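In what follows, a structure is listed as structure tokens, so that the remarks can point back to it.
Where a number appears in this text, it was derived from the coordinates with a stated rule and is not lab data. All values derive from a computational prediction rather than experimental measurement. Ideal geometry is used to build each Cβ from the backbone, glycine not excepted, and the neighbour counts take in all protein chains shown.
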Amino acid sequence: MIALFLLCSVGRAAGAEPSGTASSQDDILEFFEEEAQVITASRQPRPLHQSPATVYVLTREEIVASGAQTLWEALRPLPGLDVMHSETFQGEVSIRGLNKTLNNRTLVLLDGKPVLNGYYDKVAWESIPIGVEEIDRIEVVEGPVSALYGANAVNGVINIISRTPGQLAGGVVRLTAGQRDTYLGNALYGMRRGILDGKISLGRRTTNRFESPDQRASAVHKMHAYLGYRLSTEQQIEVRGGVTHIDSRLNLGGLGTVKEIGPSGYARADYRRGNTGLRAYWDRNRTHLSEEENLPDEPGLNYDTFSLAVEHSPSLPQRHTLTAGGHYRWDRMRSALLFPGTVRRNLSSLFFEYQWQPRRALTLVSSGRFDRHSLTGWEFAPRGSVIFAATERHLLRFSAAIAFRFPTLMENELQLDRSIAIEETEPLVIDTLGVMLQGNRKLEAERLRMLELAYRAQLGRVHLAATGFRYWLTEVIASTVPQFEPMPSGLHITSSFENLPGDTRAWGGELEARVKVTRQWSSFANYSYQKFDGILDPQTSANGGPRHKVNAGGRFVTGGFSLAAGAHWVGSTTWFRNALFSTSTPLGAVDSYISFDGRIAYAFDRGRLRNLTLSLNAFNLADREHFETLPSTGGLSPGQSGEIIRRRLTTTVSYPF
């Protein structure tokens, strides 16, 4: 039905007007105005169709229409993204494959600032101090972006951009309740008063597990604030910060699950004068792990990160732009999981981006970044793009890039020595498993090389995009082959980390069609393909991720009524049953699945209820029970501790003032 709906939409929209008419030209201009500027793929704001990388933008309207209750669930409709539930309200998002629990090859930003956990270099989605209501848009850059952002931007970047006080111009209260004791509340207010801008948001959320409806999965309290002061038309100071207190389950893959409890937060200051910008921020985390015998007694994950960045864009002749700058970061981390207990490291970098437009139809963009890690040394990440506008309706782009990922703090400094009581396993019968996991301070950085060819077209109200990519990932960091030693009534296993020989080879692409049939009716469909061979990270799936993914849906708005529906089909994956200790253990399959999501809403436009919106939100509406990563099987093959996924229905009341 959705596919037929889309085909009918394409037929109506593409055939609505003859090519070359003034109305068609207006459609093109309107389309590019809607997608006017993106800021994540480049150091300079650019029109989306002139971006030097593959960029997808999820607008605020699309996020609200999806009915998504978390930031990462809202990303599922985009092509090329691997969105995976590993626990209730814990998601992992990768770009073009290689997804895993504690994924650390995708960089996530909040208004341009990294929000990665300092130990695993993964995003803790629950710790991001804003809710869905505060988002203006999400920009996703697919492919390596280390030339701009350094380490962890290997597979791409996700930039969550919040609403400004000017966009808010008032407040909004949003309350959600639904199945499995799901309760979400957000209050947001923003204003502009002369030379001052300000906003503040408060949020609280609780929900129970899919597998155990009476067991709490996550409880989160959030606060976020912003203050801007315009000194003049050329100068502005911004101060912002947020704090989150979480009590949430955390999937550690082969090590099982724990609960992470405690506060985390950040403070940030920005100063801009003309073409020069300064940024400083402080990240602080004081959480601890609890309720699992597999780890030392409630180890703390305490860290402080201090960062300073500067960039400048000098005035150059017409058709030339240049941005250059530097960045310094200092980390201090303390935990019983580290040796010697307190660890310090520093990272520094220099970067540039240069654009030249020798002809109106041709744009050349080159960028590069030198990064230094206190253990690993220097890495250089270049990127170059050629953008050719064959006509005003058709654009071609070719890009080549190199990216890298430094070892995480855990991979360098981990020191875990623990005895675990286990169930009987066949053919061995043991009562105790001793585990020693040690970091390796001599690891090399992972490196990725990529080639990409992209095409975009605007045919009336039909937007088409096609992208093909090829990449090679070398120096993959993985756990070593475990060493087994017998001990009374059990085994002792020792493992560390190493750079695997050989490379991971991947190729694939994405196809996307978006149709704006009328001002009230729009639809979309996309298809993603990826294939892997060579050496794979044993903590990812054995085939690198689902080979095929399809998303389709549409949205209809008339008066105060709106209806949105989406279908997401993901192909099967095969996992190593215990990716923590070995790549030779038997494989386990996670079947393909389809999820239907949607939202139906009504906004009152008169009387005392004016501006009030009521909605019913559905996640996995058909209640197709499935796993998205391998569940635990007990014994020496625990899998990735995946949780079964079921339906979640919620209702939302939203009132702007």
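Some observations on this one:
- Region 58-197: C-alpha gyration tensor shape, a/c 1.5 cut-off, then a/b vs b/c: oblate
- ARG332/LEU278 FRET efficiency (R0 22 Å; Cβ-Cβ; nearest 0.05): 0.45
- Computed from the C-beta positions of TYR183 and ALA622 and an R0 of 25 Å, the FRET efficiency is 0.55 to the nearest 0.05.
- Computed across region 378-537, the Kirkwood radius stands at 20.1 Å (inverse of mean 1/r, all Cα pairs).
- Each label point was placed 7 Å from the Cα along the Cα-to-Cβ direction; for LEU511 and TRP356 their separation is 3.8 nm.
- The distance from the alpha carbon centre of region 166-193 to that of region 75-121 is 24 Å, rounded to a whole number.
- Magnitude of the charge dipole, the chain, Cβ model with Lys/Arg +1 and Asp/Glu -1, debye to 20: 2300 debye
- Near LEU614, once Lys and Arg are set to +1 and Asp and Glu to -1 for all other residues with Cβ below 12 Å from its Cβ, the sum equals +2.
- Estimated [θ] at 222 nm from DSSP helical runs (n ≥ 4, -39500 (n - 2.57)) normalised by residues in the chain, nearest 500: -2000 deg cm²/dmol
- Relative contact order %, the chain, counting alpha carbon pairs below 8 Å whose residues are six or more apart: 13 percent
- Positive minus negative residues near PRO501 (Lys, Arg vs Asp, Glu; Cβ under 12 Å): -4
- 16 Å cut-off, amide nitrogen to a point 7 angstrom out along LYS442 Cα→Cβ, residues in region 370-384: 375-377
- Environment charge of MET223, counting only residues whose C-beta is closer than 15 Å and scoring Lys/Arg +1, Asp/Glu -1: +4
- Degrees, to the nearest 10: 22-34 long Cα axis against longest axis of the chain: 40 degrees
- Shape of the chain, Cα gyration tensor, a/c cut at 1.5: rounded
- Descending Cα extents along the principal axes, region 171-260, whole Å: 56, 30, 15
- Cα-based shape type of region 102-167, given that a ≥ b ≥ c are square roots of the gyration tensor eigenvalues and the cut on a/c is 1.5: oblate
- Length available on full extension from TYR229 to ASN611: 0.36 nm per residue minus the Cα-Cα distance, which gives 134.5 nm.
- Annotation for MET191 and LEU451: the two label points, set 7 Å from Cα along the Cα-Cβ direction, are 5.8 nm apart.
- Note on SER366 and PHE388: the extension gain reaches 6.4 nm, defined as 0.36 nm multiplied by sequence separation minus the Cα-Cα distance.
- Where a label projected 7 Å from the Cα of PHE339 along Cα→Cβ would reach, residues of region 296-319 with amide N under 20 Å: 296-302
- Over the C-alpha atoms of region 585-627, the Rg to Rh ratio, Rh being the Kirkwood estimate, stands at 1.39.
- Gain upon complete extension [VAL239, ASN499; 0.36 nm per residue less C-alpha separation]: 89.5 nm
- Burial order of peptide ranges 88-97, 276-285, 249-258 (average beta-carbon count within 10 Å, highest first): 88-97, 249-258, 276-285
- Degrees separating the helix 2-14 axis from the principal Cα axis of the chain, which is the longest one: 30 degrees
- The listed peptides 456-465, 73-82, 594-603, ordered by packing as a protection proxy, come out as 73-82, 456-465, 594-603 (highest mean of other Cβ atoms within 10 Å first).
- Between the alpha-carbon centres of region 340-382 and region 209-263 there is a gap of 28 Å.
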